1. What pairs come up if the first residue lies in the range 4-16 and is in the same structural domain as residue 26 (by TED's automatic domain parsing), the second is among the hydrophobic types (A, V, I, L, M, F, W, C) and part of a helix (DSSP H, G or I), and their beta carbons are under 7 Å apart, counting only those six or more places apart or on different chains?
2. Based on this model, can you work out whether residue 88 counts as small (Gly, Ala, Ser), closer than 30 Å to residue 168 by Cα, surrounded by 13 or more Cβ atoms within 10 Å (Cβ to Cβ) and under 19 Å from the mean Cα position of the chain (by Cα)?
3. With the requirement that a residue be touching a residue at least 40 places away in the same chain (Cβ under 8 Å) and touching an Asp or Glu at 6+ places or on another chain (Cβ under 6 Å), what does the range 17-61 give you?
4. From the list 46, 26, which residue is modelled with pLDDT of 80 or more, in a helix (DSSP H, G or I) and either assigned by TED's automatic domain parsing to the domain that holds residue 102 or of a type in the set (Ser, Thr, Tyr) (or both)?
5. Please indicate, with yes or no, whether at least one residue in the range 63-79 is in the same structural domain as residue 20 (by TED's automatic domain parsing), among the aliphatic types (A, V, I, L, M) and either outside any helix (DSSP H, G or I) or within 30 Å of residue 36 (Cα to Cα) (or both).
6. Do we have residue 121 as out of contact with any strand residue (DSSP E or B) (no Cβ under 8 Å at 6 or more places or on another chain), in the same structural domain as residue 159 (by TED's automatic domain parsing), surrounded by fewer than 16 Cβ atoms within 10 Å (Cβ to Cβ) and part of a helix (DSSP H, G or I) here?
7. Working only within the range 68-85, note down all residues that are among the polar types (S, T, N, Q) and surrounded by fewer than 11 Cβ atoms within 10 Å (Cβ to Cβ).
Amino acid sequence: MDLLIGLVAYVTFEGDVQGNVLLNFSPDSPVAVLARFALLDLVVLSYMIMMIPCKLSLLDLLYDKNEARMEASQPQFYGVTLALNVMALAVALAVSDLSVVNGLNGAVCTNLVAFVLPVLFHLRVRTATAVDEAERRPLCSAANVPYVAMLLFGVFSCFLSTRQLVQSLAAQ
């Protein structure tokens, strides 16, 4: 869906596309108003989906409490929730253009999730914790060359895209 909307926006507006494509549409257009409400709904619902794992991880990290067993006290639970919400608000107020967030997401998170972390997990399982001895390989074996190449590509891509993002932000 993102690809389709992006392609249509770039074909329609060519070089005048803004970081937030919705800003290219007239504020009076019923379709644009509907799209803005849909985006608001998407952001509100996805915020909760992202907030809950962050909160549970912070409770475990800071207080060594497993919230699945409801071990955290109410002040700990509400304090972490409040702190996360305040930090999210601070970031939202500090970032004036949605394209910055999308750029960071694409530059860092996508490369980590698509290339770096899966390879690291795979190599860790193959080198240390493989149950079958035939599957266990030392880290510096020829069988791991494709995985190391993919890891290097992911790190290079992350570095290059982050550098490009920083350059475009510095030019503004």
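1. 5/21; 9/21
2. Values: small (Gly, Ala, Ser): yes; closer than 30 Å to residue 168 by Cα: yes; surrounded by 13 or more Cβ atoms within 10 Å (Cβ to Cβ): yes; under 19 Å from the mean Cα position of the chain (by Cα): yes.
Yes: the conditions hold for residue 88.
3. Listed by number, the list holds a single entry, 19.
4. On the way: 26 fails: in a helix (DSSP H, G or I).
Residue meeting the stated conditions: 46.
5. yes
6. Judged against the criteria, residue 121 is a match.
7. 74
The values are calculated or read from the model by the stated rules, or taken from the named source; none is laboratory data. As the structure is a prediction and not an experimental result, all values here were calculated from the model. Note that we place each Cβ from the backbone using ideal geometry, even for glycine, and neighbour counts take in every protein chain shown.
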